[in-house]
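Scroll down for the structure; my scribbles are underneath it.
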Ligand code: FPP
């Protein structure tokens with residue numbers, strides 16, 4: 001049984017803050033279209049919203065924030081847009097890492113980065129190394145990430161340990177597989193936010209979202225601000241997380257806490 005989420009469910013509502021928030025930042029292109037700007041300008045404006053939400057998490061004492069910056073399916077976009085997005089990642093890393101480091105943010109990247117330009121890979125490795133000691137907020141950026149890829153990689157790692165004789169088939173269960181996934185060392189996301197009006201998970205953290213509270217907003221990502229984030233946090237705080245238990249059991253635990 002998942003230990004930590006059950007404890008979180010027993011907290012009084014006013015203290016119920018997610019430990020880990022996962023976001024799909026959707027709507028950059030539409031934001032730009034509405035303003036007759038090229039789509040790229042929407043992504044650039046999206047970076048400002050990233051800055052805001054990182055700061056908001058830090059101020060509110062949220063431990064981890066995972067952002068979907070580029071999915072394994074995003075390669076299907078026009079070549080020009082993909083290339084501009086890559087340039088934006090490089091530029092943003094060059095510009096932001098020192099500031100994030102000074103603010104106590106630990107950076108992590110998840111996804112298959114082997115396909116990226118070496119320059120971007122070097123920047124990602126360096127950002128992780130530079131900020132590894134920080135403990136105010138863990139900022140996870142998912143790049144060329146897919147939830148199915150994550151599960152398949154975990155299965156492959158377990159299989160290779162079986163082949164090597166280090167693990168028996170009987171030892172493979174959901175805990176063993178969960179431990180092999182990306183960000184297994186972080187609490188599972190408590191709150192998932194998707195902007196841009198679509199209501200789907202789009203191959204994001206499929207395993208890790210099993211008990212996550214889902215929150216959708218029509219706001220386009222560049223318009224997502226502190227007030228919108230606080231609205232999502234309020235919605236989360238008002239929910240009863242049952243993890244398969246009855247409402248009465250959860251209320252009883254809450255009274256005893
Ligand atoms: C989805 O909007 C957004 C993306 C695929 C890219 C998100 C990237 C950023 C906000 C830059 C972040 C940078 C770092 C370093 C974290 P969309 O283009 O699908 O919008 P649409 O649905 O309106 O077309």
| query | Applying the selection to the stretch 44-73, what residues are within 10 Å of the ligand (Cβ to nearest atom) and without any contact (Cβ under 8 Å) to a residue 12 or more places away in the chain? | reply | none
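On the basis of being touching a residue at least 12 places away in the same chain (Cβ under 8 Å) and either in a strand (DSSP E or B) or in contact with a strand residue (DSSP E or B) (Cβ under 7 Å, 6 or more places away or on another chain) (or both), does residue 176 make the cut? Explain how you work it out, then say what you get.
Numbers: touching a residue at least 12 places away in the same chain (Cβ under 8 Å): yes; either in a strand (DSSP E or B) or in contact with a strand residue (DSSP E or B) (Cβ under 7 Å, 6 or more places away or on another chain) (or both): no.
Considered against the rule, which asks whether it is touching a residue at least 12 places away in the same chain (Cβ under 8 Å) and either in a strand (DSSP E or B) or in contact with a strand residue (DSSP E or B) (Cβ under 7 Å, 6 or more places away or on another chain) (or both), residue 176 comes out as no.
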| Within the stretch 121-144, can one find any residue that is touching a residue at least 12 places away in the same chain (Cβ under 8 Å), more than 21 Å from the chain's Cα centre (by Cα), surrounded by fewer than 20 Cβ atoms within 10 Å (Cβ to Cβ) and not in a helix (DSSP H, G or I)? | no
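Restricted to the stretch 76-89, and to residues that are part of a helix (DSSP H, G or I) and more than 9 Å from the ligand (Cβ to nearest atom), which residue is surrounded by the most Cβ atoms within 10 Å (Cβ to Cβ)? So that I can check it myself, show each step before the final result.
Step one: filter the stretch 76-89 for residues part of a helix (DSSP H, G or I), giving 76, 79-89.
Restricting the remaining residues to those that are more than 9 Å from the ligand (Cβ to nearest atom) gives 76, 79-80, 82-84, 86-87.
Values: 76: 8, 79: 8, 80: 11, 82: 14, 83: 13, 84: 18, 86: 16, 87: 14.
Taking the candidates together, the pick is 84.
Would you be able to say whether some residue in the stretch 151-163 is crowded, with 20+ Cβ neighbours inside 10 Å and away from the ligand (no atom under 16 Å from the Cβ)? Break it down into steps so the answer makes sense when it comes.
Going through the stretch 151-163, the residues crowded, with 20+ Cβ neighbours inside 10 Å turn out to be none.
No: zero hits.
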| task | Sort out which residues of the stretch 125-167 are touching a helix residue (DSSP H, G or I) at 6+ places or on another chain (Cβ under 7 Å) and over 24 Å from residue 187 (Cα atoms), and write them in order of number. | result | 162, 167
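In the stretch 1-19, is there at least one residue being within 16 Å of the ligand (Cβ to nearest atom) and modelled with pLDDT of 95 or more?
As a first pass, look at the stretch 1-19 and keep what is within 16 Å of the ligand (Cβ to nearest atom): none.
No, every residue in the stretch 1-19 fails to be within 16 Å of the ligand (Cβ to nearest atom) and modelled with pLDDT of 95 or more.
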| said: Can you say whether residue 199 is under 24 Å from residue 73 (Cβ atoms), exposed (fewer than 13 other Cβ atoms within 10 Å of the Cβ) and within 17 Å of the chain's Cα centre (by Cα), as far as the supplied structure shows? | reply: yes
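Could you say whether any residue in the stretch 232-246 is in a loop (DSSP other than H, G, I, E, B), over 19 Å from residue 72 (Cα atoms) and within 16 Å of the ligand (Cβ to nearest atom)? Don't jump to the end; show me each part of the working.
Filtering the stretch 232-246 down to residues in a loop (DSSP other than H, G, I, E, B) leaves 238-246.
In the following step, the residues that additionally are over 19 Å from residue 72 (Cα atoms) were identified as 238-246.
Remaining after also requiring within 16 Å of the ligand (Cβ to nearest atom): none.
No, there is no match, as no residue in the stretch 232-246 is in a loop (DSSP other than H, G, I, E, B), over 19 Å from residue 72 (Cα atoms) and within 16 Å of the ligand (Cβ to nearest atom).
The values are calculated or read from the model by the stated rules, or taken from the named source; none is laboratory data. What you are looking at is a predicted structure, and each value in this text was computed from that prediction instead of being measured. Using ideal geometry, Cβ is built from the backbone for each residue, glycine included, and neighbour counts are taken over all protein chains shown.
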